[in-house]
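Input: a single structure, listed below in structure tokens.
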């Protein structure tokens, strides 16, 4: 069964495919279908995820999975938060800007968390399933590791001391990441969708 993942980020699509490994779902992206990514105008991850899923599902005539996720840094009052992907124009620029903002902040106060809200919408846009995931940690002094995207090379999860998310093997990263946790919570619904082609 074909399932639209409402993202234009190739790194995110790869990660979702890895997390949902074992499910017989054919995951396609917005780019695969020639669709534009919808706006993310809301102030919460949950609202943005739901808006993307319910906007894209009818356009694609497919069940659609969308997420909104971001990095929330305590010393920056939760920034970049829902603006994580728009903090700067490039991934490298976003990481550099974050480190610039934290230059005067000691390591002990660089606490942060990644948060992810996921939403699964039916093709008619009338049914919506939601889940959330979070991982706590802190921000490193410099990027490390190549197995990830976005802020992964800067984030030191509490559950893997001394290593950034980008330094973890994919299986370990997906087990403890915010997106991995959110999608695992949604997995029972996706299993029903895989088996039955629909869920009530």
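The values are calculated or read from the model by the stated rules, or taken from the named source; none is laboratory data. Everything numeric here is computed off the predicted structure, so don't read it as measured data. With ideal geometry, Cβ positions are generated from the backbone for all residues, glycine too; neighbour counts draw on all protein chains shown.
Values for this structure:
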item	result
Meets criteria (in contact with a helix residue (DSSP H, G or I) (Cβ under 8 Å, 6 or more places away or on another chain) and touching a residue at least 12 places away in the same chain (Cβ under 8 Å)) for residue 60	yes
Of the criteria (1) surrounded by fewer than 22 Cβ atoms within 10 Å (Cβ to Cβ); (2) in contact with a helix residue (DSSP H, G or I) (Cβ under 8 Å, 6 or more places away or on another chain); (3) touching a residue at least 24 places away in the same chain (Cβ under 8 Å); (4) not in a strand (DSSP E or B), which one residue 130 fails	(4)
Enumeration of residues in segment 6-20 that are free of Cβ contacts under 8 Å to residues at least 40 places away in the same chain and crowded, with 18+ Cβ neighbours inside 10 Å	13
Subset of segment 94-108 (residues that are in contact with a strand residue (DSSP E or B) (Cβ under 9 Å, 6 or more places away or on another chain) and assigned to a helix (DSSP H, G or I))	94, 97, 98, 99, 101, 107, 108
Selection count where residues are outside any helix (DSSP H, G or I) and within 13 Å of the chain's Cα centre (by Cα), scope segment 37-71	7
Complete set of residues in segment 140-166 that are crowded, with 20+ Cβ neighbours inside 10 Å, more than 18 Å from residue 111 (Cα to Cα) and modelled with pLDDT of 95 or more	none
Hits in segment 1-23 (condition: closer than 22 Å to residue 172 by Cα and assigned to a loop (DSSP other than H, G, I, E, B))	9, 20, 21, 22, 23
Test for residue 118: is it at pLDDT 95 or above, within 19 Å of residue 39 (Cα to Cα) and not in a strand (DSSP E or B)	no
Residue list for segment 167-200, filter: without any contact (Cβ under 8 Å) to a residue 24 or more places away in the chain, crowded, with 17+ Cβ neighbours inside 10 Å and assigned to a helix (DSSP H, G or I)	167, 172
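Table: residues versus (1) closer than 22 Å to residue 48 by Cα; (2) out of contact with any helix residue (DSSP H, G or I) (no Cβ under 8 Å at 6 or more places or on another chain).
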site: 152; (1), (2): yes, no
site: 157; (1), (2): no, no
site: 178; (1), (2): yes, yes
site: 199; (1), (2): no, no
